[in-house]
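Remarks on the structure that follows.
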Ligand SMILES: *Cc1c(COP(=O)(O)O)cnc(C)c1O
Ligand SMILES: [Zn+2]
């Protein structure tokens, strides 16, 4: 390799240098960014990282950007929270939450992938960028592109949550509502990217985009005091995040920043769109595409691009995948909020419900160090909680009135002076 990193075909290994391309011309397999780890060795050390900025760019030496790249978006470095109260409910004694519900600037882990993708869009000279999206990616691309002054076209399924639509349009992006699902949007984007020479972050820039997800894995290891967990539970849409957390752990081991140990990867999906978990449970290597029907719209990809690689990552690690119903998703959102003060969107409800089930079924043992990845913010999917809470008649601003109200509610006598 003559550069610090380059594109390689995941199947036939053909090298492509660096260019906006995501599929091998010989075998039509996905391309992946590969780093020259020996070359990174001197720059990717614990000391260099801790001296870096308090965001994902502290790991710049293993993110695909030029060595002199000056970051414009301080995404990442979200809290890793211990979760004892949720743990007590689900039988977990050593549970952590990686809280990307508060990832900046747009409150999902997609800010990480977009930061890397747009850096490359600029390097390749695109003046127009875009994406196909289930919502969070749309928000992140719109915000990131606004900051860089790029023109933006974003294709989404027409039935997306209103908050995710508004959170895209506010940044001035051109939103194209497509009368179809995510897979329709994505297919159309491939054709548009080629015809108009636009940089689509999850199409022709996809290999660079995907590397941004490694920062979740780097942060987990650093925040655990430079060690790997026993288990990671990760929500899956296209299946990229779970494979990249694994890649991050492998790179940390290869460069000697953490001790090697087995880590099990557990994938989480909604039953209404569960092509990856279905394959894992059935012992299949390939994906049977599904037509999504779930409130977990951010995970609603019926034909996941990285599905086979996610299956492999899960199986080789000795992990498992599960899927949960929409009813379970909503109650898990409430349970996480009530126990740990973290309000997540539907994807986080999926992860939380799946985490609980993995303990209940004994696939994760109570004392194992487990990280549950919360990837998005609940303020974007408040529609799923409509009607969940009673809005009582207002109480008059008088102590006697309040006491009477409390008395009625609790059935207890309250003394009024
Ligand atoms: C996109 C997304 C995911 C899944 O990411 P993939 O890499 O496509 O599997 C998980 N959670 C949220 C909130 C997302 O927006
Ligand atoms: Zn190939």
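No lab work stands behind these numbers, since they all come straight from the coordinates. What you are looking at is a predicted structure, and each value in this text was computed from that prediction instead of being measured. Backbone-built Cβ (ideal geometry, glycine too); neighbour counts: all protein chains shown.
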Handout entry: For the range 72-114 versus the range 160-235, the gap between their alpha-carbon centres in whole angstrom
Key = 17 Å
Completion exercise
Each label sits 7 Å from Cα toward the beta-carbon; between residue 146 and residue 363 the label points are separated, in nm, by 3.9 nm
Fill in the blank from the handout: Helix 240-254: inclination vs the chain longest Cα principal axis, degrees, rounded to 10, gives 70 degrees
Fill in the blank from the handout: Computed over the chain: longest principal axis from alpha-carbon atoms vs helix 214-223 long axis, angle to nearest 10 degrees, is 60 degrees
Fill in the blank from the handout: Site residue 227, offset 7 angstrom along Cα→Cβ, radius 15 Å on amide nitrogen, limited to the range 344-373, gives 367-371
Handout entry: Solvent-free Debye scattering, log10 I(q)/I(0), computed from the Cα coordinates of the range 62-159 at q = 0.12 Å⁻¹
Key = -0.49
Exercise for the section: Quick one: among 348, 318, 135, which has the greatest mean-square fluctuation in a GNM of the chain with alpha-carbon springs under 10 angstrom? Expected result: 318
Fill in the blank from the handout: Least to most buried among 382, 352, 410, by other C-beta atoms within 10 Å and fewest first, runs 410, 382, 352
Exercise for the section: At 0.36 nm per residue, minus the direct Cα-Cα distance, what do residue 82 and residue 385 gain on full extension? Give it in nm, one decimal, please. Expected result: 106.5 nm
Practice task
State the dimensionless ratio Rg/Rh of the range 115-215 (Rg: radius of gyration of Cα atoms; Rh: Kirkwood radius).
Solution key: 0.93
Fill in the blank from the handout: Over the range 86-140, the quotient of the Cα radius of gyration and 2.2 N^0.38 Å is 1.63
Completion exercise
Taking the square root of 5λ for each eigenvalue of the C-alpha gyration tensor of the chain, the equivalent ellipsoid has semi-axes, largest first and in whole angstrom, of 37, 25, 22
Problem - Along each principal axis, Cα extent of the range 1-82, largest first, Å - result: 43, 29, 26
Problem - Cβ-Cβ FRET estimate between residue 187 and residue 402, R0 fixed at 45 Å, reported to 0.05 - result: 0.15
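Quote the FRET efficiency, to the nearest 0.05, computed for residue 1 versus residue 409 with a Förster distance R0 of 51 Å and r equal to the Cβ-Cβ distance. Show your work: numbers first, answer last.
Numbers: r = 68 Å, r/R0 = 1.33.
Calculated value: 0.15.
Rounded, prolate or oblate: which fits the range 215-353 when a ≥ b ≥ c are the square roots of the eigenvalues of the alpha-carbon gyration tensor, with rounded for a/c under 1.5 and prolate only if a/b beats b/c? Intermediate results must be reported in sequence, preceding the final value.
Details: a/c = 2.29, a/b = 1.27, b/c = 1.80.
Cα axes put the range 215-353 in the oblate bin.
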Practice task
On a 0 to 90° scale, report how tilted helix 136-148 is relative to the longest principal axis of the chain, with both axes built from alpha carbons and the result rounded to the nearest 10.
Solution key: 60 degrees
Problem - 15 Å tail of the calculated P(r), the range 277-353, as % of Cα pairs - result: 59 percent
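Peptides 74-85, 203-214: what's the order by average Cβ count within 10 Å, highest mean first? Numbers along the way, then the final one.
Values: 74-85: 18.7, 203-214: 27.2.
Ranked from most to least packed, the peptides come out as 203-214, 74-85.
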Completion exercise
Using the Cα gyration tensor of the range 151-302, the equivalent ellipsoid's semi-axes, largest first and to the nearest Å, work out to 31, 20, 15
